[in-house]
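Enquirer: Mind having a look at this structure? Questions to follow.
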Amino acid sequence: MTGNHTEKAVGFRLPSEVPFTENERAWIDLIRLASNNSDPRPALSLVQGLRRIFDDSSRAA
């Protein structure tokens, strides 16, 4: 961050952010289910794997 930015993160959300939508909650539940509640860090390989899944599904649509 640069300048006089004074907001502090609470968990992984900034206080100024709006609450999660129902769809966002559903994605979190899906990630918890897929990871067997292991709470994995967003490692590069996991992010790339998810991107491939979404790229493949958007091409099929």
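Enquirer: If the chain between Asp29 and Ala43 were fully stretched, how many nm would it gain, using 0.36 nm times the residue separation less the Cα-Cα distance?
Expert: 3.2 nm
Enquirer: Based on a Kirkwood Rh over C-alpha pairs, give the Stokes-Einstein translational diffusion coefficient of segment 17-61 at 25 °C and viscosity 0.890 mPa s in µm²/s.
Expert: Answer from the Stokes-Einstein relation: 203 µm²/s.
Only the coordinates and a few stated rules stand behind these numbers; no lab work does. Since we're looking at a predicted model, the values are computed, not measured.
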